[in-house]
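The values are calculated or read from the model by the stated rules, or taken from the named source; none is laboratory data. Everything numeric here is computed off the predicted structure, so don't read it as measured data. In this analysis, Cβ positions are derived from the backbone assuming ideal geometry, glycine residues included, and neighbour counts consider all displayed protein chains. Only protein heavy atoms, including side chains, enter the accessible area calculation; ligands, DNA and RNA are left aside. Shrake-Rupley method; radii C 1.70, N 1.55, O 1.52, S 1.80 Å.
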Amino acid sequence: MFYLLSRWLFKRSAGERTIGAMAASTVNAGNLGLPIALYALGDISLAAPVALFQMAIMTPVSLSMMEKATSSKEPGGQSVLVRTLSNPMIIASAAGLACSIFHWMPPQLLLTPIELLSGASIPAMLLGFGISLVGSKPLQKSTQRRTEVWVAAGLKLVAHPLLAWALAAWVFRLDSTGQYIAVIMAALPTAQNIFVNADRYSAGITIAKDTVLVTTILGIPVMLAFAGLLHP
């Protein structure tokens with residue numbers, strides 16, 4: 001929905017449209033999804049399907065779109081595929097999925113540096129996001145992106161969980177508990193790695209940064225509101 005609005009209404013570039021669409025639809029299934037699934041829903045594994053779907057499907061698709069959108073020359077399909085598959089995030093996600101599927105653990109000599117990198121990734125991402133806020137004010141009018149940020153935040157925090165509820169109730173016929181879980185997971189704020197992607201490709205940085213900030217601040221009240229309405 002945001003991609004179409006950004007193209008037809010806001011007239012943004014393909015890269016910025018893609019980043020905005022990711023900001024309006026990708027949930028923070030790791031930093032917030034896991035603890036909320038554990039303490040609010042009682043089962044940490046409830047966040048796993050969301051994280052898996054985003055890593056295995058959404059991330060490769062969106063990054064391939066970014067590769068095509070930000071390439072300096074018109075890339076062919078093979079070129080986009082090669083650049084996408086060589087992306088460190090794609091490689092790491094694929095390697096993790098493969099290890100999980102085949103129940104294989106790398107030798108400790110290889111696993112130790114991987115664990116060090118993975119342990120530093122989230123703090124480094126949060127630090128980078130915090131640094132980006134220094135000297136800049138969120139939702140500045142001069143960026144000419146304020147309306148887009150609010151649209152992306154509204155789609156993420158309101159439209160996304162409402163769509164999840166409609167699908168859970170009318171398509172998949174889940175009971176009240178299943179509907180509640182689906183809505184809470186969908187109401188999670190925008191994942192902070194969207195800002196990392198925006199910074200990597202130098203596209204949509206303002207939309208990514210401000211949407212992450214706005215949805216993170218408003219996410220808890222929104223989830224509490226949905227919990228009050230839907231708690232079984």
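So which residues in the range 6-42 are touching a Lys or Arg at 6+ places or on another chain (Cβ under 8 Å) and without any contact (Cβ under 8 Å) to a residue 12 or more places away in the chain?
Scanning the range 6-42 gives a single hit, Arg7.
Which of the residues that make up the range 43-56 are free of Cβ contacts under 8 Å to residues at least 60 places away in the same chain and either open to solvent by less than 60 Å² (accessible area, probe 1.4 Å) or assigned to a helix (DSSP H, G or I) (or both)? Outline the logic, then answer.
We begin by selecting, within the range 43-56, every residue free of Cβ contacts under 8 Å to residues at least 60 places away in the same chain; these are 43-45, 48-49, 51-53, 55-56.
Listed by number, the residues that qualify are Ile44, Ser45, Ala48, Pro49, Ala51, Leu52, Phe53, Met55, Ala56.
Of all residues in the range 153-187, which are touching a Leu at 6+ places or on another chain (Cβ under 9 Å), part of a helix (DSSP H, G or I), in contact (Cβ under 8 Å) with a residue 24 or more places away in the chain and of a type in the set (Gly, Ala, Ser)?
Scanning the range 153-187 gives Ala153, Ser176, Ala186.
Is one or more of the residues making up the range 131-139 outside any helix (DSSP H, G or I), surrounded by 13 or more Cβ atoms within 10 Å (Cβ to Cβ) and modelled with pLDDT under 95? Even if it seems obvious, please write down each step before you answer.
The initial filter retains those residues of the range 131-139 that are outside any helix (DSSP H, G or I), namely 134-139.
After this cut, where a residue has to be surrounded by 13 or more Cβ atoms within 10 Å (Cβ to Cβ) as well, the list is 138-139.
From the residues that got through so far, the ones that are modelled with pLDDT under 95 too are 138-139.
Yes, the range 131-139 has at least one match.
Restricting the search to the range 105-118, which residues are open to solvent by 90 Å² or more (accessible area, probe 1.4 Å) and touching a helix residue (DSSP H, G or I) at 6+ places or on another chain (Cβ under 8 Å)?
Selection gives Met105 alone.
Of everything in the range 59-70, what is open to solvent by 50 Å² or more (accessible area, probe 1.4 Å) and free of Cβ contacts under 8 Å to residues at least 40 places away in the same chain? Give them in sequence order.
Val61
Name the residues in the range 31-42 that are among the small types (Gly, Ala, Ser) and either part of a helix (DSSP H, G or I) or open to solvent by less than 40 Å² (accessible area, probe 1.4 Å) (or both), would you? So that I can check it myself, show each step before the final result.
So the first thing to find is which residues in the range 31-42 are among the small types (Gly, Ala, Ser), and the list is 33, 37, 40, 42.
Selection gives Gly33, Ala37.
Among Gly119, Gly128, which is over 21 Å from Thr26 (Cα atoms) and among the small types (Gly, Ala, Ser)? Please lay out each step first, then the result.
On the way: Gly128 fails: over 21 Å from Thr26 (Cα atoms).
So the residue among Gly119, Gly128 that is over 21 Å from Thr26 (Cα atoms) and among the small types (Gly, Ala, Ser) is Gly119.
Please go through the range 188-225 and pick out each residue that is open to solvent by 10 Å² or more (accessible area, probe 1.4 Å), touching a helix residue (DSSP H, G or I) at 6+ places or on another chain (Cβ under 7 Å), in a helix (DSSP H, G or I) and more than 14 Å from Ile36 (Cα to Cα).
Scanning the range 188-225 gives Asn193, Phe195, Val196, Asp199, Tyr201, Ile205, Thr206, Lys209, Val214, Leu218.
Do you know which residues across the range 6-26 are assigned to a helix (DSSP H, G or I), among the basic types (Lys, Arg) and open to solvent by 50 Å² or more (accessible area, probe 1.4 Å)? Break it down stepwise before answering.
So the first thing to find is which residues in the range 6-26 are assigned to a helix (DSSP H, G or I), and the list is 6-8, 14-23.
Filter once more, keeping what is among the basic types (Lys, Arg): 7, 17.
Residue satisfying the conditions is Arg7 alone.
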